[in-house]
Amino acid sequence: MPDAHADQDWRAWFAEHGARLRLIARQWTRSEADADDVVQEAFVRFWKHQRHLPGDPNALVVTSIRRAALDLLRRTDRRGVREQAVAAETETVAWFEPEADPRLQALAQSLPLLPAEQREVVVLKVWGALTFEQIGEQLQLSPNTAASRWRYAMEALRKLITARAHD
Amino acid sequence: MTDPDHDLESALAGLRPRPPGPAVTAALARELDPPVSRRGVILAWTAGLTTAAAALAAGLFLARPAADEAPAYQLVRAEQSPANIEVLRPVRLDDGSFARPVRVRWDNTTQWEDPRTRTRFINYRPNEQTTLLPLETY
């Protein structure tokens, strides 16, 4: 099969996109260390088996991350961990670099407080650069459900930011 | 999507997620590197082995089989340390005159970096010169 991205410098590609990929992985993992492991495993899988495929590699890498994350959850909990439970166990480690702008800081602190099902849609749309249709495919939802979760998430974020502003 | 949502999305996009840890970057570099790659090579050259080490290093890099695997080292730093001067006790030479030995020590360090793999090639070369300063006696 001809390599559709023969000229692509994949180290440079990862250097550019690694941070957002890690944030995506963090949505489906229990810890920062697990997110690092998942990103590494997923990118290596993609690089070995799918980098030759035509089209934008972004969606393929995101799919690879989700699979690696779910594999890790299955490996680490044989009883079958539900993704809902992941959110309850999340660490309080900051997901973002510190921001001087108080509004951005409030957003960064509010995002982890969203319900997991809304948060993953937000992360996949903003940092995964996926459409609602692609998000639906990733999460096995209809595009309408993904869009609906997005709207709920925006509303919840606005409330959280407003609440922080009044603290 | 409403305009407030769009503003919020733009603000979210302005957040900067934390990058993966250095261990991830290092592990990926190992995975993505071709097996013949020799990374992280640091040669410390001593004064007596300078010539041999230079030949060895040249051999290592010239022996790379494929052009796209070869590192592209670029000069990033060249330093010369301040000289350490020792003035030793005078000695009497064969012709009966006196001279004072002076020993000067310094070292040169040159570093090249391959920006692709972030590996550095370091040439550390200590130097020593001893000279005799004639002393006139009356």
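The values are calculated or read from the model by the stated rules, or taken from the named source; none is laboratory data. Here the structure is a predicted model, which means the values were calculated and not measured. Cβ coordinates were reconstructed from backbone atoms using ideal geometry, including for glycine residues, and neighbour counts include every protein chain displayed. Note: areas computed on protein heavy atoms with side chains; ligands, DNA, RNA excluded. Shrake-Rupley method; radii C 1.70, N 1.55, O 1.52, S 1.80 Å.
Here are a few things to note about the model shown:
- Any chance A:ILE135 is within 11 Å of chain B (Cβ to nearest Cβ) and part of a helix (DSSP H, G or I): no
- Given (1) open to solvent by 50 Å² or more (accessible area, probe 1.4 Å); (2) within 22 Å of A:THR29 (Cα to Cα), index of the condition A:VAL126 fails: (1)
- Checked against the criterion of being out of contact with any strand residue (DSSP E or B) (no Cβ under 6 Å at 6 or more places or on another chain) and in a strand (DSSP E or B), region B:120-136 contains not a single residue that satisfies it.
- Residue in region A:111-121 that is open to solvent by less than 30 Å² (accessible area, probe 1.4 Å), over 23 Å from A:ARG30 (Cα atoms) and touching a helix residue (DSSP H, G or I) at 6+ places or on another chain (Cβ under 6 Å) present: no
Quick grid of which residues meet (1) buried (at least 21 other Cβ atoms within 10 Å of the Cβ); (2) of a type outside the set (Ser, Thr, Tyr); (3) closer than 16 Å to A:LEU23 by Cβ:
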{"position": "A:LEU130", "(1), (2), (3)": "yes, yes, yes"}
{"position": "A:ILE135", "(1), (2), (3)": "yes, yes, yes"}
{"position": "A:SER142", "(1), (2), (3)": "no, no, no"}
{"position": "A:THR145", "(1), (2), (3)": "no, no, no"}
{"position": "A:SER148", "(1), (2), (3)": "no, no, no"}
{"position": "A:ALA153", "(1), (2), (3)": "yes, yes, yes"}
{"position": "A:LEU157", "(1), (2), (3)": "yes, yes, yes"}
{"position": "A:THR162", "(1), (2), (3)": "no, no, no"}
{"position": "A:HIS166", "(1), (2), (3)": "no, yes, no"}
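- The residues listed here are A:PHE43, A:PHE14; of these, the one that is open to solvent by less than 10 Å² (accessible area, probe 1.4 Å), within 11 Å of chain B (Cβ to nearest Cβ) and of a type in the set (Phe, Trp, Tyr) is A:PHE43.
- Looking across region A:135-163, the residues that are of a type in the set (S, T, N, Q) and at pLDDT below 95 come down to A:GLN138, A:GLN140, A:THR162.
Every residue, every condition in (1) at pLDDT 85 or above; (2) closer than 30 Å to A:VAL123 by Cα; (3) surrounded by 12 or more Cβ atoms within 10 Å (Cβ to Cβ); (4) within 14 Å of another protein chain (Cβ to nearest Cβ), yes or no:
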residue: B:LEU15; (1), (2), (3), (4): yes, yes, yes, yes
residue: B:PRO34; (1), (2), (3), (4): no, no, no, yes
residue: B:LEU43; (1), (2), (3), (4): no, no, yes, no
residue: B:LEU60; (1), (2), (3), (4): no, no, yes, no
residue: B:ARG92; (1), (2), (3), (4): yes, no, no, no
residue: B:ASP95; (1), (2), (3), (4): yes, no, no, no
residue: B:ASP107; (1), (2), (3), (4): yes, no, yes, no
